[in-house]
Amino acid sequence: MVLNMKNKIALIVFCISVLLNTAMANNDPDVGEEGIVRGKVMDQKTKKPVEYATVAIYKKEDNSVVTGTISDENGEFKIKGLDPGEFYIVISFLGYDDKKYDNLVIKQRRSMLDLGMIVLGESSEALDEVEVVADRQSVEFKIDKKIVSVGKQMTSASLSAVEVLENVPSIRVDIEGNVSLRGSTGFTVLIDGKPTVLDPSDALRQIPASTIENIEIITNPSAKYQPDGTGGIINIITKKNRMQGVQGMINVKGGNYNQYGGDALLNWRKKKLNFYVGGDYNHRPFPGESYNERMTISDGDTTNQVYFGDSDRTYSGGSFRTGLDWDITAKDFFSMSFRTGSYERVSESDLKYSTTESPDYAEEIEYNNSESNRNGTYYSLTGNYQKKFDENGHELTAQLNYRYRDSEEWTRNLLYDETNTAATSGTYTTEDGPSSRYELRVDYTKPVGINGRFEAGFQGRKSNSDDITSYSDYDAVSQTFVQEESLNNAINYIRDIYAIYSTYNGEWRKLGYQFGLRGEYTNREISNKSDDEKYTINRWDIFPTVHFSYQLPEENQLMTSYSRRIDRPRGYYLEPFITWTDMYNVRQGDPDIKPEYIDAIEIGYLKKWQETQLSLEAYYRITHNKIESIESVYDEGVILTTYANVGSDYSLGIDAMYNVPLMKWWDVNLMGNVYSYRVEGELDGESFDNESFNWSSRLNSTFKIKKQLQLQVDGSYNSPTVSSQGETEGYYSVNSAVRYDFMDRKMAAVLQVRDVFATAKSVSITEGDDFYSYKKWTREAPYISLTLSYRINNFLQKRKNGDDSNGGVGDDEF
């Protein structure tokens with residue numbers, strides 16, 4: 001770990017304000033104390049003691065600060081009571097180069113480390129005025145996950161979590177905002193380690209990036225985590241400040257196409273209590289155009305349709321969250337959090353239809369007006385308790401979470417004659433239903449030996465949801481919709497999952513390892529209230545995990561892992577009846593569909609230089625019981641979508657990321673994902689095999705024009721990919737942003753232009769023996785927004801050389 005000047009100053013301010021009592025306690029005798037480090041700091045040139053030098057002790061395993069102190073008037077310091085373990089120490093003072101001591105070990109028995117005379121040399125860096133800024137590496141690797149710092153992105157105030165993920169390794173975001181993790185949309189989203197009531201992409205669209213501290217990408221989770229999702233886990237860590245006093249932040253956003261929104265977060269901490277409250281609202285329209293071609297063959301007759309026109313989509317929603325952290329004692333901690341909100345997704349289209357049918361192929365012109373609305377409210381309540389024991393790392397945690405969502409969805413289609421004045425036919429469908437879930441977690445951690453750690457726990461989930469659908473036809477005579485009772489359905493889903501797990505972590509020389517095993521019991525019941533028919537499952541599953549890491553010389557690290565996961569089918573995949581989604585499309589599920597099981601192997605390499613970072617991750621993933629949506633002809637001009645286990649798919653690829661400062665004023669981040677994809681199996685009794693070579697890349701450049709002014713430009717490309725019945729075309733886009741900080745960095749303005757050249761589009765082709773479908777949607781662009789951000793008691797502090805008057809901590813991250 002190499003600390004730059006900004007980090008040096010941050011350490012000085014941090015230690016002076018928080019650890020002053022520790023420094024005063026160093027005058028006590030050390031007789032009978034365990035875990036002692038001492039030394040004396042001297043000026044290299046004058047040979048005089050350096051008073052107020054900062055001494056910070058870090059854990060070697062995760063680089064976290066353990067404790068620290070400052071040197072006295074004689075340059076001496078002494079730190080007592082260190083628990084056994086491996087550490088490193090950094091000694092720093094304003095105007096001097098840092099001094100670092102690696103590989104310090106405190107053993108189980110009494111251990112005294114005397115660093116002797118520590119000589120600091122003057123820094124050649126100018127120090128007339130210094131800003132305290134946390135400038136972290138954008139990606140940090142752990143044995144079972146990688147952590148992405150959102151604060152590294154200067155435009156984060158103006159984005160949602162979806163756009164932030166565009167700059168994250170292993171993630172792909174399409175033009176419609178749908179997120180995939182290494183090519184899979186079957187991933188799990190957690191917020192602060194807790195499941196969300198929303199669907200993954202909906203949850204990510206809801207979260208403003210300005211409220212995010214870090215994003216954890218867990219592509220091969222250990223047995224401690226729930227094994228749901230083919231791609232893995234995306235864990236959103238939100239900002240909660242633990243500094244004393246009151247801090248806060250406010251963001252307001254507006255832009256073209258009637259986009260607007262804002263969010264606020266206020267934090268108050270006094271001694272052992274920390275309270276926070278926040279809220280947000282965003283209205284994000286995406287106007288666009290659709291062009292579609294469809295051919296169907298039914299009973300020997302061929303129907304061709306071409307339809308095109310305006311097709312707009314709007315995402316809006318808001319949320320409120322609050323929480324309390326209480327440090328009951330030095331070893332007992334309690335927290336409670338509450339989140340509630342609402343969301344709405346609206347789609348509107350006005351399309352012109354040209355239809356021809358065999359045998360005469362006479363053209364018929366019609367107009368279609370379609371509108372759909374999906375909305376709902378949700379809330380979740382979580383309580384956490386943590387008990388730490390005397391031994392460092394020995395702890396017990398418990399979490400109870402309750403989530404509830406009430407959702408409504410309706411779709412209206414009206415078909416007009418060639419004059420576009422009189423409606424001739426149409427459909428109106430609804431889909432409503434509440435869902436709720438209880439979740440209990442108990443986790444126990446116990447250190448074993450010097451470097452070992454044993455974990456075990458229990459997790460239980462109880463969920464219940466209803467899905468009530470209705471279908472109505474348009475009566476042109478009465479100009480009203482008439483409900484078809486025979487096509488209405490009411491489904492109840494009950495699913496209980498109980499799991500126990502155990503993991504063991506350890507180290508042998510430079511080799512780190514983790515073994516895990518998880519067992520889950522699933523009890524699922526699906527019942528149709530209209531006919532009392534029930535479909536049940538009682539199943540045991542076993543999920544092993546293995547992780548290794550090896551510390552190579554000079555900031556090199558090698559990691560490898562294996563995990564087995566499961567992706568359970570969604571509710572509507574299991575519905576055994578026909579549901580009309582609009583007048584040209586119906587769907588039907590299968591209650592006997594099997595869950596997907598995934599075997600994943602990864603090998604990762606990480607290399608760090610002073611300001612440069614290179615990461616490479618090779619992976620191989622096999623999905624068994626692959627679930628895909630299958631299209632076929634239901635009726636003349638109508639497509640039926642069903643869901644089936646088609647076989648297996650295979651992905652072999654590599655993720656790469658390279659961060660480098662080309663100039664003092666120019667930082668570059670290059671990332672890419674290249675993989676070979678193959679899906680093979682059986683459809684309608686016939687074997688198929690489809691494959692593609694996929695790749696995506698992103699180049700992000702940040703230009704520091706002035707101290708307060710930055711420019712960011714990024715370009716990305718997503719290649720074509722295949723499915724069992726077709727393919728999706730590739731596209732590229734370019735974004736840019738300018739950020740200006742003012743009012744002593746309390747306030748910032750971000751002007752962002754997304755899809756500068758209007759090149760992003762969504763194109764898919766699906767075909768079978770009796771149908772062909774081509775769909776294209778192009779979003780209007782460029783997409784321009786302006787965001788203003790204001791910080792309350794949380795701005796970058798400035799100090800003159802030698803001035804110790806500021807005792808607080810300045811941090812650009814709230």
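The values are calculated or read from the model by the stated rules, or taken from the named source; none is laboratory data. Just so we're clear, the structure is a prediction, and the values are computed from it rather than from any experiment. With ideal geometry, Cβ positions are generated from the backbone for all residues, glycine too; neighbour counts draw on all protein chains shown. What goes into the accessible areas is simple: the full protein's heavy atoms, side chains included, and nothing from ligands, DNA or RNA. Shrake-Rupley method; radii C 1.70, N 1.55, O 1.52, S 1.80 Å.
Quick notes on this structure:
- Checking 719, 651, 724 one by one, the residue that is without any contact (Cβ under 8 Å) to a residue 60 or more places away in the chain and open to solvent by less than 50 Å² (accessible area, probe 1.4 Å) is 719 and no other.
- Any hit, region 384-398, residues being open to solvent by 50 Å² or more (accessible area, probe 1.4 Å) and basic (Lys, Arg): yes
Okay, residues lined up against (1) assigned to a strand (DSSP E or B); (2) farther than 16 Å from residue 595 by Cβ; (3) free of Cβ contacts under 8 Å to residues at least 60 places away in the same chain:
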site	(1), (2), (3)
494	yes, yes, yes
499	yes, no, no
504	yes, yes, yes
515	yes, yes, yes
527	yes, yes, yes
540	yes, no, yes
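- Top-ranked residue in region 486-504 [being at pLDDT 90 or above and out of contact with any Ser or Thr (no Cβ under 7 Å at 6 or more places or on another chain); ranked as surrounded by the most Cβ atoms within 10 Å (Cβ to Cβ)]: 501
- Residue check for residue 657: open to solvent by 40 Å² or more (accessible area, probe 1.4 Å), on the phi < 0 side of the Ramachandran plot and under 31 Å from the mean Cα position of the chain (by Cα): no
- Subset of region 36-50 that is in contact with a Lys or Arg (Cβ under 8 Å, 6 or more places away or on another chain) and under 11 Å from residue 114 (Cα atoms) - its residue that is modelled with the lowest pLDDT: 36
- Residues in region 293-321 that are of a type in the set (Ser, Thr, Tyr) and crowded, with 18+ Cβ neighbours inside 10 Å: 296, 303, 307, 311, 314, 315, 316, 319.
- In region 688-710, the condition of being open to solvent by 50 Å² or more (accessible area, probe 1.4 Å), modelled with pLDDT under 90 and out of contact with any strand residue (DSSP E or B) (no Cβ under 7 Å at 6 or more places or on another chain) is met by at least one residue.
- Whichever residue in region 51-89 is within 24 Å of residue 550 (Cα to Cα), in a loop (DSSP other than H, G, I, E, B) and of a type outside the set (Lys, Arg) and, among such residues, is modelled with the lowest pLDDT: 64
- Residue check for residue 246: over 18 Å from residue 568 (Cβ atoms), surrounded by fewer than 20 Cβ atoms within 10 Å (Cβ to Cβ), of a type in the set (A, V, I, L, M, F, W, C) and at pLDDT 90 or above: no
- Residues of region 727-765 that are more than 30 Å from residue 688 (Cα to Cα), of a type in the set (S, T, N, Q) and surrounded by 17 or more Cβ atoms within 10 Å (Cβ to Cβ): 733, 735, 736, 752.
- Selected residue (criterion: surrounded by the most Cβ atoms within 10 Å (Cβ to Cβ)) from residues of region 45-70 that are within 16 Å of residue 121 (Cβ to Cβ) and aliphatic (A, V, I, L, M): 53
- The single residue among 521, 620, 597 that is assigned to a strand (DSSP E or B), in contact (Cβ under 8 Å) with a residue 12 or more places away in the chain and touching a His at 6+ places or on another chain (Cβ under 6 Å) turns out to be 597.
The rows are residues; the columns are (1) over 27 Å from residue 105 (Cβ atoms); (2) touching an Asp or Glu at 6+ places or on another chain (Cβ under 7 Å).
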site	(1), (2)
442	yes, no
445	no, yes
468	yes, yes
475	yes, no
482	yes, yes
519	yes, no
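- Among residues of region 293-340 being in a strand (DSSP E or B) and among the acidic types (Asp, Glu), the one that is farthest from residue 203 (Cα to Cα) is 301.
- Meets criteria (at pLDDT 85 or above and either in a strand (DSSP E or B) or more than 30 Å from residue 567 (Cα to Cα) (or both)) for residue 214: no
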